[in-house]
Amino acid sequence: MPFPEVSRMESREVFVQLAMQEGANIRALCRQFTISPTTAYAWLARYVEAGVDGLTERSRRPHTSPRQTPPERETAVVALRQQHPTWGGRKLHRALRDQGVEQVPAPATCTAFLRRHGLLDADEALKHRPVQRCESAAPNALWQIDCKGDVVLPAQRVYPLQVLDDHSRFLLGVQVCADQRGTTVQAALTSLFRTYGLPLRMLADNGAPWGTTQAEGQLTRLSAWLVRLGIRISHGRPYHPQTQGKIERAMRTLQADVLRGRTYADAAAVQAACDAWRQTYNTWRPHEALGLATPASRYQPSPVPFPETLPPLLYLPDDVVRRVSQPGCISFEGTTWRVSKALIGESVAIRPTDTDGVLRVYYAHHRVRDLQLHHPPDEE
């Protein structure tokens, strides 16, 4: 059986002493010491040449490595990683190549450099697995929106609001807000709409200020304003953040690159850091889901401009139009029906369906609810 590591040198000495005796059977000794004849004769030659010192373990590393990466290229990879601690080997390879660096090390080599310098978290690496990705067919077909949990500053709390284009992963904005009220978010979105135009649809989670699948008409004042602009509203499945996987991932990158372990004096300092990070994220940082292209290379503004005055509500000629009164109700055929508090003062349309006794209430293009004429409201 093989000798343990602690006695390997001693075993070699014993083998050599036995093998050099007159009449020794080298082959039999090889079987006894579980070594090959080639190894045996190599030990004997090294012992004759250098004595006991010749039996020490020798490195198998070649004397020269013509294809070894020059130290300065390894230094460049490590330095870029230190600037961007969340970038892996593939991103670093692409970024250096885009900078015009000659003979950039392969992605796997870049990863090996990070591992050698202790810059890879093994536990974090285990979390990353290939995923099946889906995306909208064109820019502005869908925007995702979400607000990062509060960031505590010396004198206040702030809430970074992110808006991301689903097709290109382009971050349209990272706005540091003092709160998450609908009026605050509306002001931030108004600025983005003026810059980039209007999307066809927006995806948000459930709850204030976006609206929810469980609320009356699924609307808040903010989402009603978006509907009035002609934007269709979608909500992620409750307790399924993966529905908004792209913006959730961008949120984690913002947390790692900008917020975690750092202290800012005020909201202006956080905003400046977010602005600089967003510029890097959009125009320089290679995105693996885009084949290591940048989001800015795939995004273009929407052709639908933001109207400074809300367009009028237009309904079909045969629609029955009702005004929503306090507390978010309409009257139809002598019965009061709850619609949505978010629509108080607005007009809605009542439209027939293919089902007898069922009418449908719309606010602009948005389906608010169905009216079951055969079931009074108190039986709903």
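Only the coordinates and a few stated rules stand behind these numbers; no lab work does. A quick note: this is a predicted structure, and the numbers were derived from the prediction, not measured. Note: ideal-geometry Cβ built from the backbone for every residue, glycine included; neighbour counts use all protein chains shown.
Shown here for the range 288-324: trypsin sites (Lys or Arg not before Pro) in loop regions (DSSP other than H, G, I, E, B) with at most 11 other Cβ atoms within 10 Å, of which there are none.
Here the extension length gained between Glu22 and Glu10 equals 2.2 nm, from 0.36 nm per residue of separation less the Cα-Cα distance. For Asp275 and Ser325, a Förster radius of 51 Å and the Cβ-Cβ distance give a FRET efficiency of 0.70, rounded to the nearest 0.05. Lysine pairs in the chain whose alpha-carbon atoms fall under 25 angstrom of each other, counting only those eight or more residues apart or on distinct chains, come to 6.
If R0 is taken as 45 Å, the Cβ-Cβ distance between Asp98 and Phe332 corresponds to a FRET efficiency of 0.15. In the chain, helices alone account for a calculated mean residue ellipticity at 222 nm of -9500 deg cm²/dmol, with every DSSP H run of four or more residues adding -39,500 (n - 2.57). Shape verdict for the range 320-379, please, from the Cα gyration tensor: rounded (a/c under 1.5), prolate (a/b greater than b/c) or oblate. Judged from the Cα gyration tensor, the range 320-379 comes out oblate (a/c at least 1.5, b/c at or above a/b). Rounded to the nearest 20 debye, the dipole magnitude of the chain is 840 debye, with +1 charges on Lys and Arg beta carbons, -1 on Asp and Glu beta carbons, and the Cα centre as origin. What is the range 5-55 by shape, rounded, prolate or oblate, if you read a ≥ b ≥ c off the alpha carbon gyration tensor as root eigenvalues and call it rounded for a/c under 1.5, prolate for a/b larger than b/c, and oblate otherwise? The shape class here is oblate. Find the centroid of the Cα atoms in the range 280-330 and in the range 338-380, then give the distance between the two in whole Å. Computed from Cα coordinates, the inter-centre distance equals 24 Å.
Between His93, His167, His365, the residue with the greatest mean-square fluctuation in the GNM of the chain (Cα pairs under 10 Å linked by springs) is His365.
What you get for the range 320-379, charging only the Cβ of Lys and Arg (+1) and of Asp and Glu (-1), is a dipole of about 320 debye around the Cα centre.
On the beta carbon distance between Gln300 and Ala155, with R0 = 51 Å, the FRET formula returns roughly 0.80. Straightening the chain between Gln255 and Arg194 buys 19.2 nm, computed as 0.36 nm per residue apart minus the Cα-Cα spacing.
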